[in-house]
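J.: The structure under discussion is supplied below as structure tokens; questions concerning it will follow.
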Amino acid sequence: MLIRNKLVPELIITDLSRSLYFWTELLGFTIAYDRPEEGFAYLDLLGVQIMLEERRPAARQWLTDDLLAPFGRGVNFQIEVPDVDAILERLGKVRWPLFMACEEKWYRAGEREVGQRQFLVQDPDGYLVRLAQDLGERAL
């Protein structure tokens, strides 16, 4: 049984099958449930959840302005994963371009630092996704 998170982004996309390939085959999400007749899918990856909804001008969709590529300007979705290398390998096999190469980065969080291996990639519509593997904490 799926336990739905209290915050789940819903991304308007242009092609559900193309987006599902990216999110499931390359990033590793599974389809928790979908409504293909509506161009909708609810995805999950170890508790990280996201909804995809295909843009349909006649449908009831909450858009505040025209959708211009790349979508999602000004936001990136950080997703913690157990192994960034596995995802990088899948992306590399299909020559999917990275927005930012993998790096090790430490961020101050109060009196400590939290570390992660991270990289950024854009989905087919340009939404920016940051995949991060936890490296733990250390003293400042």
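J.: Would you pick out the residues in the range 72-111 that are touching a helix residue (DSSP H, G or I) at 6+ places or on another chain (Cβ under 8 Å) and touching a residue at least 24 places away in the same chain (Cβ under 8 Å)? Spell out how you get there, then give the answer.
T.: If we filter the range 72-111 for residues that are touching a helix residue (DSSP H, G or I) at 6+ places or on another chain (Cβ under 8 Å), which is where we start, we get 81, 87, 90-91, 94, 96, 98, 102.
Residues satisfying the conditions are V81, I87, R90, L91, V94, W96.
J.: Pick from the range 95-113 the residues that are aromatic (F, W, Y) and over 18 Å from the mean Cα position of the chain (by Cα): which of them is least open to solvent (accessible area, probe 1.4 Å)?
T.: The initial filter retains those residues of the range 95-113 that are aromatic (F, W, Y), namely 96, 99, 106-107.
If we keep only those that are over 18 Å from the mean Cα position of the chain (by Cα) too, we end up with 106-107.
On the way: W106: 54, Y107: 77 Å².
So the residue we want is W106.
J.: While we're on this one: Hey, any hits in the range 117-129 for a residue that's in contact with a Phe, Trp or Tyr (Cβ under 8 Å, 6 or more places away or on another chain) and at positive phi?
T.: Yes, the range 117-129 has at least one match.
J.: On to the next question. Take the residues in the range 25-34 that are over 23 Å from F119 (Cα atoms) and of a type in the set (A, V, I, L, M, F, W, C); name whichever of them is least open to solvent (accessible area, probe 1.4 Å). Break it down into steps so the answer makes sense when it comes.
T.: If we filter the range 25-34 for residues that are over 23 Å from F119 (Cα atoms), which is where we start, we get 31-34.
From the residues that got through so far, the ones that are of a type in the set (A, V, I, L, M, F, W, C) too are 31-32.
Details: I31: 77, A32: 46 Å².
Among them, the one singled out is A32.
J.: Within the range 68-94, take every residue that is among the aliphatic types (A, V, I, L, M) and either open to solvent by 90 Å² or more (accessible area, probe 1.4 Å) or within 21 Å of Y42 (Cα to Cα) (or both) and give me the one that is nearest to the chain's Cα centre (by Cα). Let's see the steps before the verdict.
T.: Step one: list which residues in the range 68-94 are among the aliphatic types (A, V, I, L, M), which gives 68-69, 75, 79, 81, 84, 86-88, 91, 94.
From the residues that got through so far, the ones that are either open to solvent by 90 Å² or more (accessible area, probe 1.4 Å) or within 21 Å of Y42 (Cα to Cα) (or both) too are 68, 75, 79, 81, 87.
Values: L68: 19, V75: 11, I79: 6, V81: 11, I87: 12 Å.
Filtering first and then ranking leaves I79.
Rundown of residues vs (1) touching a Lys or Arg at 6+ places or on another chain (Cβ under 6 Å); (2) in contact (Cβ under 8 Å) with a residue 40 or more places away in the chain; (3) surrounded by 13 or more Cβ atoms within 10 Å (Cβ to Cβ), yes/no style:
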| site | (1), (2), (3) |
| --- | --- |
| V8 | no, yes, yes |
| W23 | no, yes, yes |
| P36 | no, no, no |
| A41 | no, no, yes |
| L46 | no, no, no |
| P57 | no, no, no |
| L63 | no, yes, no |
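The values are calculated or read from the model by the stated rules, or taken from the named source; none is laboratory data. Everything quoted here is computed from the prediction, not taken from an experiment. Reconstructed Cβ throughout: ideal geometry from the backbone, glycine too, with neighbour counts over all protein chains shown. SASA here: full protein model, heavy atoms, side chains in, ligands and nucleic acids out. Shrake-Rupley method; radii C 1.70, N 1.55, O 1.52, S 1.80 Å.
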